Amino acid sequence: MKHRILPILLALALLLSACNLLPEAGAKPRAVSESSIWAMDTQMDLRLYGDAEGACMQRLTALLNELDHTLSATAEDSDLTALNRSGWTDNPHILRLAEEALAVSEETGGALDVTLLPVSRAWGFSTGSYGVVPAAELEALRDNVGMDKLTLQPGVGLSIPAGTALDFGALAKGYAADLCRAELEEADCAGILSLGGNIQTVGTKPDGSDWVIGVQDPDDPGHYLLTLGLTGSRAAVTSGDYQRYFMEDGVRYCHIIDPGTLAPVRGSLRAVTVIADSGLRADALSTALFVLGREAGEALRRSRGDFETVWIEADGRVWVSPGLAERVLEGSYEVTQP
Ligand code: AMP
Ligand code: MG
């Protein structure tokens, strides 16, 4: 018997996973503005501080709507859909995303692959008709998949062959967070943004206190397993099996696809959070590290040294990279190997 989660349950899970901003502690400062918008297929919660916070909020909303319109893999009139149909684009946002995707794919042995759109669709993600895909059907899709399908001339154009279709869902929100951060820094605004599973902090809070962010419990996303205190402008991006998934015969099939098997990732990992200076890099890495798992992911972290990690395993254990341990405010955890 097939079990499909009711759309209402999925909607609830998405809503909970999106409500990521912890309430402001103590009295609310005067120049603070909060707003929630729906863009890039997720709820985005923005909280800004500073004298120009009203104008900044307008600029951020316009920017996020523009990126939504450019990068949607489902909208008929997006620049990405135009690329997927015509095979060529010179859109600068898409060129930048392709450049980063190629770099992180290389770094992670192909764990990040932005050509999986037809595979995700076959499993029902984005169409809503979820179901296990027969192996033969997956193999038939393989010819159109692989990062070697991208021909990028940086700053000039990107081409892909007919039959290949790109989806930047793994890194677009991180890119959006970087652009929002640049806008806010230029206007001397501080803030904290929750773009779906992506948290971006910008600058320093008016009272000088740390930004407090929560790492969700995959079994109860309204509850935090860990809270962390971050300073300055940082990106904290989570990829998890609880954000989008369907259940069939008691098995959970999540939205992150293993490029090796062309099937949803299955393993002992429930979620990974990557913390880095760049939102784009943190987002690309979060998805790739979810595919790689903790052991290979930590080996990469040790060799690169430019990001920190939180791992939530199916056995309930929480692992934190050594550089992040001193940032934990609440919650129990173990520390990974330095
Ligand atoms: P994230 O939530 O950032 O981990 O991104 C997950 C999204 O990226 C999915 O909803 C798909 O649109 C896409 N995706 C799934 N698997 C992969 C993968 N292995 N590499 C790149 N993108 C992927
Ligand atoms: Mg990601």
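The values are calculated or read from the model by the stated rules, or taken from the named source; none is laboratory data. The model shown is predicted, which means the values in this text are computed figures rather than measured ones. So basically every Cβ, Gly included, is an ideal-geometry build from the backbone, and we count neighbours across all protein chains shown. The area values use the complete protein model at the heavy-atom level, side chains included, leaving out ligands, DNA and RNA. Shrake-Rupley method; radii C 1.70, N 1.55, O 1.52, S 1.80 Å.
Rounded to the nearest 0.05, what FRET efficiency do residue 51 and residue 74 give with R0 = 30 Å and r taken as the Cβ-Cβ distance? Could you check?
Approximately 0.20, to the nearest 0.05.
Considering the zone a paramagnetic label at residue 204 would reach in this model (a point 7 Å from Cα along the Cα-to-Cβ line), which residues of the range 220-240 have amide N under 12 Å from it?
Residues 231-233 qualify, since their backbone N sits under 12 Å from the label point.
Return, ordered by residue number, the residues of the range 304-333 whose backbone nitrogen is under 15 Å from a label point located 7 Å along Cα→Cβ of residue 277.
Residues passing the 15 Å test: 304-308.
Say a paramagnetic label sat at a point 7 Å from the Cα of residue 295, along Cα to Cβ; which residues of the range 110-132 have their backbone N under 20 Å from it?
Counting only backbone N, you get 110-112.
Using protein chains only and a probe of 1.4 angstrom, how many square angstrom of residue 252 are accessible, to the nearest 10?
Its heavy atoms expose roughly 70 Å² to the probe.
Quick check: at a probe of 1.4 Å, how many percent of the accessible area of the range 109-214 sits on carbon and sulfur atoms?
Within the range 109-214, the accessible surface is 50 percent carbon and sulfur.
Roughly how far apart, in whole Å, are the Cα centres of the range 140-209 and the range 249-304?
Spelled out, the Cα-based centre of one part sits 17 Å from the other.
For the range 159-225, what is the accessible area per residue in Å² when the probe is 1.4 Å?
On a per-residue basis, the range 159-225 sits at 34 Å².
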